[in-house]
Amino acid sequence: MSILHRAHFTTSAARLDQLPPPSAPEVCFVGRSNSGKSSAINVLTQQRRLAFSSKTPGRTRLINMFGMPDKLEPERDIGYLVDLPGYGYASVAREDRTAWAHVLGGYLRDRPSLVGIVLLVDIRRGVTDLDRNLIEWIAPSGKPVLALLTKADKFAYGQRVKMQFSVKQELAAIGMLHTVPFSSTHRIGLEDATTHIENWISPQVAA
C-alpha cells in the first residue's frame, strides 16, 4: 500500500503564519482553478473526499495540509501533502488575487520543509500566462517539479506525447522537471506520479 493512501486531514490555514512549524517533508500541489487539483489529490490518496473542490472556482482560499502517519509511530507524520489555493480565476476580486499570490509565493519561496512541487496543468489549455507567472516563483527556489498534465483522457496517445513535449519546452526554466500525462478518472499516469511523490517524502519507505 502506498504511503499516500494513509493521508489524513491535519490542518487548514489562511495565512503562512498560521501553518505549523516546518518539520517533516512537504509536497505541495498548485495549479490554476479548475485544473483538477482536488481530484488528483483524492485519486493519489485513494480517498474520495480528502480534498474538497468548491462548486465555484476560486473560492478555496485555504492552505490544507494532509499528514501521512508513520506505521511504527502513528502519532507522528512522516510527511505532508499540501493543497495550495487555486489561482487565476477571473471573477475573484483583484485584492483577493493579490493576497493569494502573496501566500503562494511566500510558501513556495520560504517554506524550508518543502521538498517538491506538483504543478497541475490542464493538457487541453497547455501552459497559460498565469502558469508562467507561477514558474517565476518556482524556478528560483530550485525545488524539483512534477508537472501533471491533467484531463489527459481527453487526448489520444499521440496528442498526449506532443503536448508533453510542448509543456517541457514551456517549463524549461525549471531545472528539475518531470512531466506526466494524468487523468484522475481514467487513472492515467497514477503509478508514475505516486512513485515520484513517495520518493520525495520518504525514499526509504517508498523503496
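The values are calculated or read from the model by the stated rules, or taken from the named source; none is laboratory data. Small disclaimer: the values here were computed from a predicted structure and weren't measured. Neighbour counts are summed over all protein chains in view; Cβ atoms, including those assigned to glycine, are modelled from backbone coordinates with ideal geometry. When the accessible area is computed, the model is the full protein with side chains, heavy atoms only, and any ligands, DNA or RNA have been set aside. Shrake-Rupley method; radii C 1.70, N 1.55, O 1.52, S 1.80 Å.
Key figures for this structure:
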item: Answer from Asp96, Asp110, Asp131, Asp83 - the residue that is of a type outside the set (Ser, Thr, Tyr) and at pLDDT below 80; result: Asp96
item: Some residue of the range 16-26 being among the small types (Gly, Ala, Ser) and under 18 Å from Glu191 (Cβ atoms); result: no
item: Out of Lys162, Lys154, Lys168, sole residue that is closer than 20 Å to His196 by Cα and of a type in the set (D, E, K, R); result: Lys168
item: Candidate set: the range 65-86, residues that are closer than 16 Å to Ile197 by Cβ and of a type in the set (Asp, Glu); chosen: the one least open to solvent (accessible area, probe 1.4 Å); result: Asp83
item: Selected residue (criterion: surrounded by the most Cβ atoms within 10 Å (Cβ to Cβ)) from residues of the range 6-47 that are part of a loop (DSSP other than H, G, I, E, B) and modelled with pLDDT under 90; result: Ser35
